[in-house]
Structure formats: structure tokens, C-alpha cells
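Below is one structure, written out as C-alpha cells, with a few remarks after it.
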Amino acid sequence: MIRIVISGAFGKMGQLALEHIQKRDDFEVVALVDHKGRAHPFLSTYFTVDEALRKESAHVLVDFTTPEVVYENIIAAIRHGTRPVVGTTGLSISEVETLQALAAEKKIGGVIAPNFALGAILMMRFSEIAARYYSHAEIIEGHRLTKRDKPSGTAAYTDQLMKTSSPIQTEIHSVRLPGLVAHQAVVFGGEGEILTIRHDALSRESFMPGLLLAIEQVMERDELIYGLEKLLDLSL
Ligand code: NAP
């Protein structure tokens, strides 16, 4: 049985994660973290991750909070020996590297996934391959009006992946509109042709298979993994 604490538990992703995790016989939610201390009918709620992990024994911390607090939440989890599985976006590459070093020092596994949608992972992988054959590309990402970070973690990460395999020139455009969920097109321009690789998450349900996979797999890992693709076989 994998014992799990969810932070950001009363947010949109936190609520959906709770619902899906509770359907699994091999997962158990042992507590919730909410900065406003909202009550749950059956589960204890704590104000901070540190407080929750001091009082509850948990294998995994699932975090869907905000860019302002996620870094400290991951540090608290690692210090308590709890594996972080993080969907919150907005961490910088240098913050991720610092967290990876801390996890290595404490010999604890974890997953930080800017995007848990399996289709989005494939979109990033295809874009990484296409980048080898084009000199210019534009990334156009769209999210709901209230999304705090800009550009999205997925767009920044796609950009980073494309540049590891190519000296390609890129630009990221962010669209924030009511009605959008999570969308990204990577448009490559070549001699007399345009290639567009596109992914649309139509509901938050699209993130759940990847989240559940990460919770399962993190138990077998002893490093802090950045990117869900590292848990999948994407070789050609
Ligand atoms: P949301 O509904 O706004 O939920 C965020 C939660 O964090 C809320 O419960 C919010 O509480 C809480 N929160 C706000 N400020 C806080 C603080 N200072 N300390 C602690 N908790 C705080 O947002 P969401 O749609 O669930 O998204 C959450 C995160 O997941 C975002 O970073 C988003 O980009 C990311 N995300 C990732 C994926 C992925 O696949 N990796 C998919 C979707 C979303 P209040 O609302 O009461 O302030």
C-alpha cells in the first residue's frame, strides 16, 4: 500500500487527484495539506507539508499548489524522507537542479512533471526530433486566464528539449483565455513548408493516468526525475 499526502488538495488538480487516488486499492491517502486549513469529512488536513509529514507517515507527497510554495514543499518532503510527485509548474531549472542535488544527498526518489498528459509527452518528444531538421520554430501555448506562470512549464520544457538536439531558434507565445484548458502547438518553418505538432488537453482527466503512473514508479526510483518522459519508453 502506497501512503500518500496531497498538498493543494482543495484546488482543481488536488481534488481530481484525490478522487482518482482513492479509487486505487494499492494507494491510500493519509492526509491533505491546505494553506487555509479547509476540513475534509474523513481525512486530516494540515496547514503545511512540513506539519503533515511530521505527524503522518507517508511514502509519497503529491503536490498541486503554486509556483510560490512548491519549492519549499519539495524540500520539506525530501527532508522527511517522503518521495515528492509534483505537478505544480513554475520551478526554474536551477531550482530543479538544487532539489535534485538534495534528493541525491538524501538518497530519495521523486518525480517533477511539468505535464502529466501522455499525449503532451509525445508532442514534446516529436518536437525534440523535428527540431533536428529545422532552423526556426515557434511554440504557442494556451491556458486558462488565471494560470499564474507564463510561459507554461510545458512550453519552457519543450523549448529546452528542442535546444538539446539542435541549435534551433525559437520563440514562445502565451495565450491566456477563458475556455482554454492546456494547449500547445509547436510550429516549425522550413523551405516551402510548415510542420505543426499539436496537443490539446480537453479536460484535467488527461493528467490522471500519468500522475498515477508516476506514483507507482516513484517507489522504484532513487533519484529526483524531471519530466514524465523519463518513466516511459520513447525510444524509436
Ligand atoms: P488551483 O485550482 O488554483 O489549485 C492550487 C491550490 O494551491 C489551491 O488549493 C490553492 O488554494 C492552493 N494555494 C494557493 N496559494 C497557496 C499558498 N501560498 N500556499 C499553499 N497553497 C496555496 O490550480 P490547479 O489548476 O489545481 O493547478 C495547480 C498547479 O498544478 C499549477 O501550478 C498548475 O500549473 C499545475 N498543473 C500541472 C499539471 C501537470 O500535468 N503537471 C496539470 C494541470 C495543472 P486557494 O485556491 O484557496 O488559494
Checklist entry - Taking segment 184-212 as the region of interest, how many residues are open to solvent by less than 70 Å² (accessible area, probe 1.4 Å), among the aliphatic types (A, V, I, L, M) and farther than 30 Å from Gln22 by Cβ? => result 5
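Take the residues in segment 58-75 that are in contact with a Lys or Arg (Cβ under 9 Å, 6 or more places away or on another chain) and surrounded by fewer than 22 Cβ atoms within 10 Å (Cβ to Cβ), then tell me which one is nearest to Val5 (Cα to Cα).
Narrowing segment 58-75 to residues in contact with a Lys or Arg (Cβ under 9 Å, 6 or more places away or on another chain): 58-61, 64, 66-68.
Subset that is surrounded by fewer than 22 Cβ atoms within 10 Å (Cβ to Cβ): 59, 66-68.
Working: His59: 8, Thr66: 16, Pro67: 19, Glu68: 19 Å.
Among them, the one singled out is His59.
Given the structure, is Lys147 in a loop (DSSP other than H, G, I, E, B) and under 29 Å from Gly109 (Cα atoms)?
Numbers: in a loop (DSSP other than H, G, I, E, B): yes; under 29 Å from Gly109 (Cα atoms): yes.
Yes, satisfied.
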Item to check | Condition broken by Leu118, with the remaining ones in (1) open to solvent by 30 Å² or more (accessible area, probe 1.4 Å); (2) away from the ligand (no atom under 16 Å from the Cβ); (3) closer than 29 Å to Ile78 by Cα; (4) touching a helix residue (DSSP H, G or I) at 6+ places or on another chain (Cβ under 7 Å) satisfied | outcome: (2)
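Are any residues in segment 213-230 buried (at least 19 other Cβ atoms within 10 Å of the Cβ) and either farther than 22 Å from Thr98 by Cα or hydrophobic (A, V, I, L, M, F, W, C) (or both), and if so, which ones?
Hits for segment 213-230 are Ala214, Ile215, Val218, Leu224, Ile225, Leu228.
Got a sec? Which of Asp26, Asp34 is open to solvent by 20 Å² or more (accessible area, probe 1.4 Å), in contact (Cβ under 8 Å) with a residue 12 or more places away in the chain and not basic (Lys, Arg)? If you could, list the steps in order and put the result at the bottom.
Numbers: Asp34 fails: open to solvent by 20 Å² or more (accessible area, probe 1.4 Å).
None of the others qualify; the one that does is Asp26.
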Checklist entry - Which of the residues that make up segment 141-172 are within 17 Å of Val187 (Cβ to Cβ), open to solvent by less than 70 Å² (accessible area, probe 1.4 Å) and more than 16 Å from the ligand (Cβ to nearest atom)? => result Asp159, Met162, Ser166, Ile168, Thr170
Checklist entry - So which residues in segment 116-135 are polar (S, T, N, Q) and assigned to a helix (DSSP H, G or I)? => result Ser127
Checklist outcome for this item: Listed by range, strands (runs of 3 or more DSSP E) wholly within segment 162-236 having at least 3 residues that are under 24 Å from Tyr134 (Cα atoms) and of a type in the set (D, E, K, R) are 193-201
Checklist entry - Among the residues of segment 122-134, is there at least one that is within 14 Å of the ligand (Cβ to nearest atom), surrounded by fewer than 18 Cβ atoms within 10 Å (Cβ to Cβ), modelled with pLDDT of 95 or more and more than 13 Å from Gly227 (Cα to Cα)? => result no
Next on the checklist: Would you confirm whether or not segment 40-53 contains a residue that is more than 21 Å from Tyr226 (Cα to Cα), surrounded by 17 or more Cβ atoms within 10 Å (Cβ to Cβ) and among the acidic types (Asp, Glu)?
Outcome noted: yes
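The values are calculated or read from the model by the stated rules, or taken from the named source; none is laboratory data. None of these values were measured; they are calculated from a predicted model. Virtual Cβ from ideal backbone geometry, glycine too; neighbours counted across all protein chains shown. All accessible areas refer to the heavy atoms of the entire protein, side chains included, with ligands and DNA or RNA removed. Shrake-Rupley method; radii C 1.70, N 1.55, O 1.52, S 1.80 Å.
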